[in-house]
Each structure stands twice: as C-alpha cells, then as structure tokens.
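**Student:** What follows is a single structure, and I will ask about it in a moment.
The values are calculated or read from the model by the stated rules, or taken from the named source; none is laboratory data. Everything numeric here is computed off the predicted structure, so don't read it as measured data. As a convention, Cβ positions derive from the backbone with ideal geometry for all residues, glycine included, and neighbour counts pool all protein chains shown.
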Amino acid sequence: MSKRVMDLMVPLADYAVVPADATVYQAMEALQHALSRLPPDRQPHRAVLVRSARGEIIGKVHYFAFLRAMLPKRRSDHDHDLLERAGVGDDMRDSYRDMLDMLLGDLVDFEERARSTVVRDIYTPATISIQETATVYDAILSFLNHQTLSLIVRRGDEAVGILRLSDLFEEISRQVLQPATVKGA
C-alpha cells in the first residue's frame, strides 16, 4: 500500500507552535522543547508554527526569520531620502550603512532582541497546505510547484500537522534504496 501524507507528517502536538503574540524568545524556547522530544531517527524541526487568536495555523517562523529578528531595525526609507536630498551619492550611502552595521554589530544584545520582538512581526504566512489523505506523489508535486520546505497538513479545513521536505525525501530515499528482495516480498 502506498504511503499517504498522514503517514509522513509531524502531528501538531509534536511540533513547536506558539501564538502570534509570543516573543521570539518564547518561540525559541518552544523550538528547543519540541526538539528535545524528537525521536533520534527524526530530522530536527527548522521552524516554529504560529497560531492565530482563533486557533488557526497562520504561519511559521523559520531560521531566517529568527536571524532577522536579531538585527536592529534600520531607518532605511527616511535615511535614504534625507541623504539623497543632502546630495550624498549611492556609494557614500552604502559606505555609511556598512560602517553603521559594523559599529552596531557588536552592540546587539540578542537576548534583549529576542525578548522584545513579537512573532507576529517576523513570521512568514503559511498559505500552502495539503490534505492528509494525499499521496506521496501529490506531495512531491506540491513541493515542486511551491518551492517550499514544508506544507501545512489539513484534515478538511483543520490543520493537523506539518509535512517537511526532509521527511518526504527520507521516505523516497528509503523506498529507492530498499533492497530488491524486500521490495518483492
């Protein structure tokens, strides 16, 4: 019998999920807690799912979002306009930004940034989903069409898990590399 998405997904109960008003610090804690409960043969989670006030999964905070949250916010549009009006060229403006980044880089307090940044400000909306009864073939098509690393798994309209590209690839590898004697049995 062919495997279905439900056979490969990580149930929401086993994944890190935080409300949209959680801090990045709380999201990092949730991720660490979920990772500590993973069986040794499972790939680690690389994101935290975000839940709306109504309880729906609305997005995810992936590693890149965590990293962006650690950087101070730039005043880019206003600074750009001001420097342009002052007659400062692009090369000088870039040099100014590089110098500012270098000076501020050592001053960033990661813990403070994590405690003061809210997940709703950094998450990526999760708009792509797949039904739990879909086939592995359907999952491959969905990953290729959407160029994503994970899909929200739904039972009807309700989110019940997440299918990660790593889990799908692991299953495909297992099937491809399975000894021929086992396949024929």
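**Student:** Within the stretch 26-45, which residues are assigned to a helix (DSSP H, G or I) and in contact with an Asp or Glu (Cβ under 9 Å, 6 or more places away or on another chain)?
**Tutor:** Passing the criteria: only Ala34.
Per-residue answers, yes or no, for (1) under 15 Å from Gly161 (Cα atoms); (2) modelled with pLDDT of 85 or more; (3) outside the structural domain of Glu170 (by TED's automatic domain parsing); (4) hydroxyl-bearing (Ser, Thr, Tyr):
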{"residue": "Ser36", "(1), (2), (3), (4)": "no, yes, no, yes"}
{"residue": "Arg54", "(1), (2), (3), (4)": "no, yes, no, no"}
{"residue": "Val61", "(1), (2), (3), (4)": "no, yes, no, no"}
{"residue": "His80", "(1), (2), (3), (4)": "no, no, yes, no"}
{"residue": "Asp91", "(1), (2), (3), (4)": "no, no, yes, no"}
{"residue": "Arg97", "(1), (2), (3), (4)": "no, no, yes, no"}
{"residue": "Leu100", "(1), (2), (3), (4)": "no, no, yes, no"}
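Conditions (1) surrounded by 10 or more Cβ atoms within 10 Å (Cβ to Cβ); (2) over 16 Å from Arg4 (Cβ atoms); (3) modelled with pLDDT under 95, marked per residue:
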position: Leu141; (1), (2), (3): yes, no, no
position: Gly156; (1), (2), (3): no, no, no
position: Val176; (1), (2), (3): no, yes, yes
position: Ala180; (1), (2), (3): no, yes, yes
position: Gly184; (1), (2), (3): no, yes, yes
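**Student:** Something else now. Looking at the stretch 110-139 only, could you name the residues that are modelled with pLDDT under 90 and β-branched (Val, Ile, Thr)?
**Tutor:** If the condition is that a residue be modelled with pLDDT under 90 and β-branched (Val, Ile, Thr), then Thr127 is the only one that fits.
**Student:** Let me ask another. Leu107: outside any helix (DSSP H, G or I) and at pLDDT below 95, yes or no?
**Tutor:** Here the answer is yes, as Leu107 does meet what is asked.
**Student:** Being in a strand (DSSP E or B) and buried (at least 21 other Cβ atoms within 10 Å of the Cβ) is the filter here, so list the residues in the stretch 11-25 that pass it.
**Tutor:** Listed by number, the list holds a single entry, Val18.
**Student:** For the stretch 108-124: of the residues being crowded, with 17+ Cβ neighbours inside 10 Å and under 14 Å from the mean Cα position of the chain (by Cα), which is nearest to Ala47 (Cα to Cα)?
**Tutor:** Tyr123
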